[in-house]
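A.B. asks: Just dropping this structure here.
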Amino acid sequence: MSDQNGNGAAAQPVIDIRNITKSYTMGEESLQILKGISLQVQPGEFLSIMGPSGSGKSTLMNILGALDQPTSGEYFLDGVDVSKLKERDLAKIRNQKIGFVFQSYNLLKRTTAQRQVELPLIYGGKPNRGQRAKAALEAVGLQTRLGHLPSELSGGQQQRVAIARALVNEPSIILADEATGNLDSRSGMEVLQIFQRLNREQHITIIFITHDAWTARHTNRVVMLRDGDIIADQPITQPLVAGEAERPSEAAELEGIFHSTYATNEVVEPAL
Ligand SMILES: Nc1ncnc2c1ncn2[C@@H]1O[C@H](COP(=O)(O)OP(=O)(O)OP(=O)(O)O)[C@@H](O)[C@H]1O
Ligand SMILES: [Mg+2]
């Protein structure tokens, strides 16, 4: 996998951020939210990002998703430096390459499932919208709910509509911010199963923000953020298969993930 011949034959990371910072000015004060983050993600990885509330996960995801620009640093998305692109070009890249799934589904209230999924195709001026939206909804098991409004769907079903909407443009990357955060454990597992299948069968790169260590153990790599820095980054050697293993008690679950993360990668900074 490493670049052995120098001819560019090595796999190129799909996401390559270098020394990214993000600051906000609040009155007189400048708040540095991301403090110089570098991260490479290879095509087909299923990565989870964990970290306490306020550590900068969503801020990072907005930059990775080209929804927001960093204050400094570089971002190569499929080899293209997007950190200097104008909003119009960014929007085009988002539409072509990235699917988003959020904790709160972000569905339109008076719009049927099928129409919600057609919307990205309408923005992108794509043909065969009805057919493609139906296929995407079928891929998440909602072929019998095409005409339903969000209020006529369960939370898990609404999230699956959002996943179908993220999928319909055939993105190479899906960014999910607490996508299972509002769901009961069964619906959460169903959503996780869908993500695992998309990753395995279609090799879609998935970046999955979660607070839940058990959920993170279903992915292939965990990155931990704290106070705007990456404090740990390690592979999960034997990811769990969604729906196959029982969720352990909270204590065992936390011990497993934190022990394996910190035991081999002790880059812990003192809290301020
Ligand atoms: N537009 C903004 N202006 C000023 N500060 C902001 C802005 N957006 C985010 N922040 C600050 O950045 C910090 C990180 O926020 P972020 O939403 O990235 O955290 P998070 O890790 O996603 O947390 P959570 O787990 O609660 O979702 C927070 O302290 C927040 O107050
Ligand atoms: Mg967040």
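The values are calculated or read from the model by the stated rules, or taken from the named source; none is laboratory data. For clarity, every value in this text was computed on a predicted model and none was experimentally measured. We place every Cβ from the backbone using ideal geometry, glycine too, and count neighbours over all the protein chains shown.
A.B. asks: Between 185, 172, which is in contact (Cβ under 8 Å) with a residue 24 or more places away in the chain, more than 16 Å from ligand 1 (Cβ to nearest atom), hydroxyl-bearing (Ser, Thr, Tyr) and surrounded by fewer than 17 Cβ atoms within 10 Å (Cβ to Cβ)? Spell out how you get there, then give the answer.
C.D. replies: Details: 172 fails: surrounded by fewer than 17 Cβ atoms within 10 Å (Cβ to Cβ).
Of 185, 172, the one residue that is in contact (Cβ under 8 Å) with a residue 24 or more places away in the chain, more than 16 Å from ligand 1 (Cβ to nearest atom), hydroxyl-bearing (Ser, Thr, Tyr) and surrounded by fewer than 17 Cβ atoms within 10 Å (Cβ to Cβ) is 185.
A.B. asks: Right, here's the next one. Are there helices (runs of 4 or more DSSP H) fully within segment 87-163 with at least 2 residues that are more than 16 Å from ligand 1 (Cβ to nearest atom) and within 27 Å of residue 57 (Cα to Cα)? List them. If you could, list the steps in order and put the result at the bottom.
C.D. replies: Values: elements: 87-97, 113-123, 129-139.
It comes to 87-97, 113-123.
A.B. asks: When you scan segment 50-80, how many residues do you find that are over 18 Å from residue 175 (Cβ atoms), of a type in the set (Val, Ile, Thr) and away from ligand 1 (no atom under 16 Å from the Cβ)?
C.D. replies: Residues that pass the stated criteria total 0.
A.B. asks: Let me ask something else. Starting from residues that are of a type in the set (Ser, Thr, Tyr) and within 16 Å of ligand 2 (Cβ to nearest atom), keep the ones in segment 201-241 and report whichever is surrounded by the fewest Cβ atoms within 10 Å (Cβ to Cβ). Working first, answer last.
C.D. replies: Residues of segment 201-241 that are of a type in the set (Ser, Thr, Tyr), as a first pass: 205, 210, 215, 219, 237.
When the remaining residues are screened for being within 16 Å of ligand 2 (Cβ to nearest atom), the result is 210, 215.
On the way: 210: 24, 215: 27.
That would be 210.
A.B. asks: When residue 234 is evaluated against the numbered criteria (1) outside any strand (DSSP E or B); (2) modelled with pLDDT of 90 or more, which criterion, by number, is the only one it fails?
C.D. replies: Result: residue 234 fails condition (1) only.
A.B. asks: Please verify whether residue 199 is closer than 28 Å to residue 96 by Cα, in a helix (DSSP H, G or I) and more than 15 Å from ligand 1 (Cβ to nearest atom), treating the condition exactly as stated. I'd like the intermediate steps shown before the answer.
C.D. replies: Numbers: closer than 28 Å to residue 96 by Cα: yes; in a helix (DSSP H, G or I): yes; more than 15 Å from ligand 1 (Cβ to nearest atom): yes.
Yes; evaluated as a whole, the condition is true for this residue.
A.B. asks: What number goes with the only condition from (1) of a type in the set (Ser, Thr, Tyr); (2) within 13 Å of ligand 1 (Cβ to nearest atom); (3) assigned to a loop (DSSP other than H, G, I, E, B) that residue 83 does not pass?
C.D. replies: (2)
A.B. asks: Follow-up question, since we're still on this one. Show the residue pairs that are 6+ apart or on different chains and have beta-carbon atoms under 7 Å apart, the first residue being within segment 207-225 and part of a strand (DSSP E or B), the second being more than 13 Å from ligand 1 (Cβ to nearest atom) and among the acidic types (Asp, Glu).
C.D. replies: Correct list of pairs: 221/45; 223/233.
A.B. asks: Note down all Cβ pairs under 7 Å where the first residue falls in segment 131-147 and is farther than 19 Å from residue 169 by Cβ, the second is in a loop (DSSP other than H, G, I, E, B) and at pLDDT 95 or above, and they're at least six residues apart or on different chains.
C.D. replies: The qualifying pairs are 145/153; 147/112.
A.B. asks: Something else: Picking from 27, 73, which residue would you name as being more than 23 Å from residue 179 (Cα to Cα) and in contact (Cβ under 8 Å) with a residue 12 or more places away in the chain?
C.D. replies: Values: 27 fails: in contact (Cβ under 8 Å) with a residue 12 or more places away in the chain.
Of the residues listed, the single one that is more than 23 Å from residue 179 (Cα to Cα) and in contact (Cβ under 8 Å) with a residue 12 or more places away in the chain is 73.
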